[in-house]
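Step one of this worksheet: look at the structure below.
Values in this text are rule-based calculations from the coordinates and carry no lab data. Just so it is clear, the structure is predicted and the values come from calculations on it, not from any experiment. A quick note on method: Cβ atoms are made from the backbone with ideal geometry, for glycine too, and the neighbour counts reach across all protein chains shown.
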């Protein structure tokens, strides 16, 4: 069928006219032309028949397809590969901090306070109180005047200290201290005086 | 919730700061004599120490051992078998080091606590020998043995006799 010059403008508009896609003004123009043009009217009827056949065919084809789990199958095909764990954790953390900032700040502040309180107790267990110095050491030694003893301090080769007390009788009244000591030493050295036998100094 | 956590934390911190300092000292009472050669094997290091210092005891026996907690407010008393009493008092803690005053039957010793070593204080006669009060760190570390070939130690403090 040859297309007249007047119909060349309207032939491309017939298909959207059939599908109802033309704006109102163009639809009215096409209807006026169809009312006056037998060829375009026949063309429009052919287009309607084709459209109807296509619709029936598609419906028959769709009836034969099982659309059960359709959405899951589609999503499975479009879901991207699972990112690495580190990436997922990073995204989770950033989103959590972004959308739950208040909760995070509260939790971190509470944890910091608990650590500040617990840290002294933890550290205390490692370094016993009072034992910052490496070795035990004697700072001073003295005796009470009435005790009549004198302290003697020995340092052993391994660095430990032995504090021993020896009898130190008071000086006899009226005698010099040296004489009293000499008398004592003489008494100690006389053969009749029993010598200390272990256990005594 | 945060407010309560802060309140509890402040209270606990205050309690921790306000707690009085306490130190522990291990006090062993040892009986040394020349009655026989039987010695507690655990005291072999003590025997070596005393032998190196010129003390000729042949027998060492541990009569008691206990950890004494010391605070400034509460000194510890240790009754000895010979009727004497050893009093240990925490004098101060300076730069983490405790200074303890020990009084054994009239003998007063100012002691600086340390992580190693021991101090032996003669506590007088008892039975056929002598009592020795051995003060060690709270972890009950035994004194180190004197190296082989040790000679009698020289006295580091001898009161001048007039």
- Message: How would segment B:93-136 be classified by its alpha-carbon gyration tensor: rounded, prolate or oblate, with rounded meaning a/c under 1.5 and the a/b versus b/c comparison settling the rest?
- Response: oblate
- Task: Once every Cα of segment B:48-97 carries one equal point scatterer and solvent is ignored, give the base-10 log of I(q)/I(0) from the Debye formula at q = 0.24, 0.29, 0.31 Å⁻¹, two decimals.
- Result: -0.94, -1.06, -1.13
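Quantify how strongly other chains surround peptide B:102-109 by giving the mean number of their Cβ atoms within 10 Å of each of its Cβ atoms.
If you average over the peptide's residues, the count of other-chain Cβ atoms is 6.
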- Considering every residue in B:116-129, what mean count of other chain Cβ atoms within 10 Å of its Cβ is obtained? 5
- Query: What is the spin-label model distance, in nm, from residue A:145 to residue A:106 if the labels are put 7 Å beyond Cα along the C-beta direction?
  - Reply: 7.2
- Using alpha carbon coordinates only, what is the Rg to Rh ratio of segment A:35-167, with Rh defined as the Kirkwood radius? 1.73
- Shape descriptor, segment B:54-144: equivalent ellipsoid semi-axes (Cα gyration tensor, sqrt 5λ, whole Å, largest first) stand at 23, 16, 11
- Item | Relative contact order, percent, segment A:1-141 [alpha-carbon distance under 8 Å, six or more residues apart] | 14
- Message: Given all pairs of different Cα atoms, what value in angstroms does the Kirkwood hydrodynamic radius of segment A:65-126 take?
- Response: 16.2
- Query: Of all the Cα-Cα pairs you can form in segment A:1-80, what percent are over 20 Å apart?
  - Reply: 52
